Structure formats: C-alpha cells, structure tokens
Amino acid sequence: MDINRRKFFKLAGAAALTFASGLPLMGCGENKSAANAPPVEPAAQSVEGNTVVGDASSSKVYFSKTIDADHLIELYDRINGSIGGRVAIKVHSGEPHGPNILSRDMVKAFQLKVPNSTIIEANVAYGSARGTTEAHRRTLETNGWTFSKVDIIDADGDVNFPVNGGFHLKEVAMGAHLADYDSMIVLTHFKGHSMGGFGGSLKNIAIGCASGAVGKRQVHGLTDYGRWVTGGLFMELMADSGKAICDHFGERLVFINVMNRLSIDCDCTGTSAAKPTMADIGILASTDILAVDQACIDMVYAAPDSRDMIERIESREGLRQLSAMEELGMGSRQYELITVD
C-alpha cells in the first residue's frame with residue numbers, strides 16, 4: 001500500500017480514516033485490465049469536526065465506532081426516510097456455528113425498531129447446510145435466528161429482475177419472494193471473501209438475494225461460462241446483479257455495513273473461517289451502496305493491522321467491485337463521512 005496514502009489518513013484525523021476521493025483505486029474506467037495498478041493518491045478534502053466534507057456530489061455516510069444495537073438503530077434513523085410498507089432485512093445468516101456472524105441479539109433489537117419487517121435469506125448454489133430450504137431452516141435454528149420469522153425468498157422458486165445496461169447479464173433470477181417487499185434494509189457483516197476479495201453491501205444483495213438454483217449460478221458465471229469465474233469478471237457479474245436490485249427498489253433501499261470480526265473469509269466459510277487479524281472498526285450506514293462500500297474499503301486501507309485483508313482484496317481483484325458499480329451509475333465514490341459518536 002502507498003505510504004503516502006497511510007500518512008494522509010493519519011494526518012487527517014480519526015474521522016478522515018474513511019475518506020474517499022472519488023478517484024479509482026484500481027480497475028476503474030474503461031481500462032478493465034488495470035487491476036494490478038497501484039492505488040491512486042487521494043485528493044485532499046477538508047475536515048470539519050467529526051465530518052469529512054466532500055463536494056456537492058458526495059453521498060452521506062454515517063459512522064459509529066461503537067458496535068451495538070443502540071448505535072445501529074441511531075445510524076438507521078439517519079437514513080430510513082424512504083423505508084416503509086413491507087420491509088425486508090437482508091442478512092447473511094451464515095453456515096452452522098460460524099464464529100463471525102452478526103450478533104443475533106443486536107439484530108433482534110434492531111428489528112424491533114423496524115415496523116412490518118422480515119429477515120430474508122436465500123439458499124446457496126453449492127453443497128452446504130444451506131443448499132436446500134429444509135436444511136437451511138435447520139441451520140437458521142442452529143445459528144440462533146429464532147427470534148423472528150426468516151423468509152427464505154427462493155423457497156418457492158425465482159423471479160427475473162432485469163439488468164439495465166449491465167456488463168454481461170440481461171436479467172438475474174432472484175428469490176421469488178423478494179418481489180413481495182416494498183423496501184429493503186441491507187444489513188451486512190463486512191468481511192473478506194474467498195472469491196470477491198471482500199463482502200460488503202454489494203455482495204450481500206448481488207449473491208445473497210439471487211436464487212440458489214438459478215440466480216447464484218448466473219452471478220458466479222456457471223450459466224454462461226460453465227465455470228465458477230473469478231477476478232474482474234466475477235466483480236462485474238456481481239455489479240450487474242446488484243444493479244438489478246437497486247433499480248427494482250430505487251430509493252426504498254438502505255445499506256448498513258458492520259465492520260467487526262474482520263476475517264478474510266466470508267461467513268459462508270463457517271467454522272473454517274480464518275481468525276480475524278484486524279481490530280473491529282465500527283458501523284457505517286448510507287442510502288448509497290457504492291459510497292458505503294467505498295468508505296469501508298478506505299477504512300481497511302487506513303488501518304494499521306489490515307495487511308491480511310488488503311492481500312485478500314487485491315489478490316482477488318476485489319476493488320473492481322467499486323469501479324464496476326461506478327461505471328453502472330450505482331452511486332458515488334465521493335462521500336461525506338458523518339461520525340455520530
């Protein structure tokens with residue numbers, strides 16, 4: 001990592017640790033083969049109190065270093081103006097006994113503050129204890145998701161969501177029940193990922209809402225390419241799927257990333273997930289999917305103990321997730337960070 005980048009974050013102060021310049025870190029723009037390029041040195045922005053101030057095009061990202069139900073609810077209250085009707089709360093419920101899954105007590109307390117809400121999940125495309133609806137329900141019980149109904153959205157098949165102007169996909173098969181909801185809260189455990197490099201809000205919806213039988217195979221490339229694709233192509237397929245969901249819900253969609261138990265492995269790895277080598281960071285929330293994932297990445301790059309996570313991200317071309325979302329017009333990489341502690 002560029003030492004000047006680390007110095008920039010240090011000098012900017014604690015609030016500036018999650019600064020985003022709006023410039024591509026790698027693999028951005030029309031040059032889709034630039035995945036090995038070094039990070040771009042950020043342009044300076046001003047810092048006022050606990051707020052990193054961007055320009056007029058910046059999205060607001062709210063941040064708390066305290067990871068508990070009260071702060072989760074406080075952040076949500078800053079972004080929930082368009083959430084209503086029948087509300088889906090998308091989480092990653094994890095493989096059996098996974099050590100890094102979001103606190104069920106925290107999620108329970110949060111859900112109690114969201115009227116007419118239901119936790120949702122979808123089956124997976126690989127052999128696991130979440131591969132069928134019946135087995136998935138047993139895993140939900142094992143992992144403590146018993147305080148509320150969990151809607152396995154592909155239990156009754158799938159429904160195609162169109163991808164408007166995507167890189168590769170024209171449509172993605174989502175769990176059929178997803179169409180029954182009026183709005184969605186994407187509540188994500190931010191962490192590493194064996195194929196995506198990192199798993200933030202994009203991964204949580206792009207793969208997490210796709211049906212296990214069809215949609216996840218499309219996003220992983222099995223349908224069109226006959227193999228589990230990796231690298232930049234996989235990131236673009238995820239962006240296509242995420243765009244379909246963002247277009248469907250429009251403004252009725254918010255994103256919350258919880259940065260704790262920062263393993264380089266996803267919660268889908270279960271008990272074999274690598275132990276975290278990074279300290280917990282906090283909770284981020286935004287109505288902009290790109291801004292919230294970008295802010296998390298900036299926090300990772302600014303952290304002094306992030307070597308393992310950065311290696312995981314860059315070795316998988318994970319930063320292509322960000323530039324792909326930018327190219328699809330899914331949000332802004334410039335953001336105003338507002339600390340609520």
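The values are calculated or read from the model by the stated rules, or taken from the named source; none is laboratory data. Keep in mind it's a predicted model, so treat the numbers as computed, not measured. Because the Cβ atoms are built from the backbone with ideal geometry, glycine has one as well, and the counts that use them run over all protein chains shown.
Table: residues versus (1) at pLDDT 95 or above; (2) crowded, with 20+ Cβ neighbours inside 10 Å; (3) of a type outside the set (D, E, K, R).
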{"residue": "L284", "(1), (2), (3)": "yes, yes, yes"}
{"residue": "D288", "(1), (2), (3)": "yes, yes, no"}
{"residue": "P304", "(1), (2), (3)": "yes, no, yes"}
{"residue": "D308", "(1), (2), (3)": "yes, no, no"}
{"residue": "S315", "(1), (2), (3)": "yes, no, yes"}
{"residue": "L319", "(1), (2), (3)": "yes, yes, yes"}
{"residue": "G331", "(1), (2), (3)": "yes, yes, yes"}
{"residue": "Y335", "(1), (2), (3)": "yes, yes, yes"}
{"residue": "D341", "(1), (2), (3)": "no, no, no"}
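Selection over region 82-114 of residues that are among the small types (G, A, S) and crowded, with 21+ Cβ neighbours inside 10 Å gives a count of 4. Residue pairs whose Cβ atoms lie under 7 Å apart, separated by 6 or more positions or on different chains, with the first residue in region 253-273 and more than 20 Å from A129 (Cβ to Cβ) and the second aromatic (F, W, Y), are I256/Y76; N257/F190; V258/F190; M259/F190.
Considering V61, V114, which residue is of a type outside the set (S, T, Y), modelled with pLDDT of 50 or more and closer than 28 Å to G197 by Cα?
Values: V114 fails: closer than 28 Å to G197 by Cα.
Just a single option satisfies the conditions, and that option is V61.
In this structure, G165 qualifies as of a type outside the set (A, V, I, L, M, F, W, C), within 23 Å of D288 (Cα to Cα) and surrounded by fewer than 21 Cβ atoms within 10 Å (Cβ to Cβ).
Within region 115-132, the set of residues being in contact with a strand residue (DSSP E or B) (Cβ under 8 Å, 6 or more places away or on another chain), at negative phi and loosely packed, with under 15 Cβ neighbours inside 10 Å comprises just one member, P115. Just so you know, in region 307-341 the residues that are touching an Asp or Glu at 6+ places or on another chain (Cβ under 8 Å) and of a type in the set (S, T, N, Q) include one that is farthest from L237 (Cα to Cα), and it is Q334.
The criterion of at least 1 residues that are in contact with a strand residue (DSSP E or B) (Cβ under 8 Å, 6 or more places away or on another chain) and within 30 Å of G85 (Cα to Cα) is met by the following helices (runs of 4 or more DSSP H) wholly inside region 222-341: 231-249, 289-302. Here L222, L233, L237 are screened, and the one residue that is aliphatic (A, V, I, L, M), within 25 Å of H177 (Cα to Cα), surrounded by fewer than 24 Cβ atoms within 10 Å (Cβ to Cβ) and over 14 Å from the mean Cα position of the chain (by Cα) is L222.
Does A179 meet the test of being surrounded by 21 or more Cβ atoms within 10 Å (Cβ to Cβ), aliphatic (A, V, I, L, M) and either under 23 Å from V300 (Cβ atoms) or at pLDDT 95 or above (or both)? So that I can check it myself, show each step before the final result.
Numbers: surrounded by 21 or more Cβ atoms within 10 Å (Cβ to Cβ): no; aliphatic (A, V, I, L, M): yes; either under 23 Å from V300 (Cβ atoms) or at pLDDT 95 or above (or both): yes.
So A179 does not fit the description; no.
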